[in-house]
Amino acid sequence: MTETESLYLDGFRGIAALAVFLSHSTDPGITGGFLSHLGSFGDDAVMAFFVLSGYVIAFSAERKHRTLGNYALARLSRLWSVVLPALILTGVIDLLVRHGLDFRGLYLGDDAPYTYVLSGLFANQIWFLNVFPGSNSPFWSLSFEAFYYVFFAAVHYLHGRTRWLAAAVILAVAGPKIVVLLPLWLLGVLAHAIGKKSFGQATGWWLWIGSIAGVGIYYAIHAKYLIDRMVPTGERLDRFINAQLCAKCLFSVLIFMNIVGFRMIESRFSRLLGLAKRWLRLGGRYSFSLYLYHTPLLILFTALTYGGHGKWWSICAIYIGTISAIGVLAPLTESRRHAMLAGLVHIAAYFPAALKHRRATPRTGL
């Protein structure tokens with residue numbers, strides 16, 4: 001992966017995380033509906049994360065992690081370095097708000113211990129489960145991501161019948177709600193495979209500009225809601241199939257086109273992205289922390305300023321306080337990733353045979 005492409009993806013991740021943050025901040029209970037028109041961006045941003053994740057995981061598995069053990073430890077250390085602090089942060093803030101502050105109008109979710117355990121083990125969305133730790137609703141997507149990581153590992157690193165048997169078991173445990181969005185994550189894997197081939201810069205420009213125009217049209221005509229009206233819905237159906245699935249597929253295809261197109265024309269943007277290198281790296285480095293820390297922090301600062309709910313000074317305090325707190329927490333927790341990796345490596349030393357599987361093919365294995 002070239003530096004230009006890496007910078008582009010870092011910026012992409014940062015924008016997606018910011019979109020989720022802004023989407024949640026528009027809740028009437030938090031800012032009184034300020035910037036409410038941004039509320040529809042959050043779900044789409046998660047779909048963008050799925051496609052980006054598939055792309056980055058495919059690259060990492062091919063270039064960085066030659067064995068199943070290396071891959072598994074890298075993924076776990078990356079997830080838990082932010083997930084575990086986020087669980088603690090959520091529990092502490094929810095406890096404080098429930099018993100010490102005014103939280104009228106704020107949804108704090110279920111504070112049962114099992115929601116934290118399931119979320120920490122990424123099992124909070126399998127089959128009919130739909131839980132997240134306390135107020136931290138963004139945790140729903142991590143269960144999806146984690147199962148996609150494991151599925152990819154099975155197909156990429158295992159061999160013969162074991163590969164497909166393991167993959168089938170993983171999908172069976174995950175359940176239909178997670179499985180139905182797997183093709184969207186695999187679009188990222190496909191984008192990585194296609195990105196190695198050169199179809200010419202003209203094709204790249206058509207794909208890249210077309211994807212941007214497509215996203216603009218998608219929002220201009222409110223495609224998500226138009227498509228949703230044409231697809232049968234209902235509580236029983238939503239238990240098996242994600243709501244607004246067709247719209248999510250369309251948006252994910254646009255993100256796929258954008259990534260593939262940019263890969264073909266990246267040389268044209270090297271200087272421009274280089275000028276913004278510091279900020280793009282910052283967005284990529286702390287996007288995961290922004291994603292998992294922002295909801296409980298929004299609730300904390302909303303409760304602290306509830307006397308001025310909906311007023312300009314309260315809204316400013318909520319945004320400034322949340323961003324500032326993340327700015328302090330993110331470097332502290334992200335820096336512990338290497339320590340966590342070292343600890344996991346020490347534990348994995350007791351299971352050497354299980355982690356030495358090398359990748360099944362010289363490419364992606366898919």
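Reported count of residues in region 252-293, each being of a type in the set (S, T, N, Q) and surrounded by fewer than 16 Cβ atoms within 10 Å (Cβ to Cβ), is 2. Filtered by the rule that a residue be of a type in the set (Gly, Ala, Ser) and either exposed (fewer than 11 other Cβ atoms within 10 Å of the Cβ) or free of Cβ contacts under 8 Å to residues at least 40 places away in the same chain (or both), region 213-230 gives Ala213, Gly216, Ala220, Ala223.
A single entry from Leu298, Leu355 fulfils the requirement of being surrounded by 13 or more Cβ atoms within 10 Å (Cβ to Cβ) and at pLDDT 70 or above: Leu298. When region 31-52 is filtered for residues that are β-branched (Val, Ile, Thr) and over 14 Å from Pro138 (Cβ atoms), the ones remaining, listed by number, are Thr31, Val51.
Can you pull out the residues in region 32-44 that are surrounded by fewer than 21 Cβ atoms within 10 Å (Cβ to Cβ) and touching a helix residue (DSSP H, G or I) at 6+ places or on another chain (Cβ under 6 Å)?
Once the filter is applied, which keeps residues that are surrounded by fewer than 21 Cβ atoms within 10 Å (Cβ to Cβ) and touching a helix residue (DSSP H, G or I) at 6+ places or on another chain (Cβ under 6 Å), region 32-44 yields Phe34, Leu38, Gly39, Phe41, Gly42.
The numbered conditions (1) modelled with pLDDT under 90; (2) of a type outside the set (Phe, Trp, Tyr); (3) under 23 Å from Ser23 (Cα atoms); (4) touching a strand residue (DSSP E or B) at 6+ places or on another chain (Cβ under 9 Å) are all true for Leu95 except (3). Of all residues in region 151-168, those satisfying the criterion of being surrounded by fewer than 13 Cβ atoms within 10 Å (Cβ to Cβ) and of a type in the set (A, V, I, L, M) are Leu165, Ala168. The residues in region 188-220 that are modelled with pLDDT under 85 and over 22 Å from the mean Cα position of the chain (by Cα) can be counted, and the count is 6. If you go through region 148-184 and keep only what is under 21 Å from Arg63 (Cβ atoms), outside any helix (DSSP H, G or I) and not hydrophobic (A, V, I, L, M, F, W, C), you end up with just His159.
Report yes if some residue within region 130-138 is closer than 23 Å to Met1 by Cα, at pLDDT below 95 and either among the β-branched types (Val, Ile, Thr) or not in a loop (DSSP other than H, G, I, E, B) (or both); otherwise report no. No, because not a single residue in region 130-138 is closer than 23 Å to Met1 by Cα, at pLDDT below 95 and either among the β-branched types (Val, Ile, Thr) or not in a loop (DSSP other than H, G, I, E, B) (or both). Whenever a residue of region 160-174 is touching a residue at least 40 places away in the same chain (Cβ under 8 Å) and under 10 Å from Phe147 (Cα atoms), its partners that are in a helix (DSSP H, G or I) and not β-branched (Val, Ile, Thr), lying with C-beta atoms within less than 7 angstrom and at least six residues away or across chains, give the pairs Ala174/Phe147. Residue pairs whose Cβ atoms lie under 6 Å apart, separated by 6 or more positions or on different chains, with the first residue in region 1-20 and surrounded by fewer than 21 Cβ atoms within 10 Å (Cβ to Cβ) and among the hydrophobic types (A, V, I, L, M, F, W, C) and the second at pLDDT 90 or above and assigned to a helix (DSSP H, G or I), are Met1/Phe59; Ala19/Ala45.
The condition of being buried (at least 17 other Cβ atoms within 10 Å of the Cβ) and hydrophobic (A, V, I, L, M, F, W, C) holds for Ala174.
Being modelled with pLDDT under 90 and either buried (at least 17 other Cβ atoms within 10 Å of the Cβ) or of a type in the set (Gly, Ala, Ser) (or both) is the filter here, so list the residues in region 102-126 that pass it. Within region 102-126, Phe103, Gly105, Leu106, Leu108, Gly109, Ala112 qualify.
The values are calculated or read from the model by the stated rules, or taken from the named source; none is laboratory data. Everything numeric in this text was worked out from a predicted model, so none of it was measured. Here the Cβ is made from the backbone with ideal geometry for all residues, glycine too, and neighbour counts use every protein chain on show.
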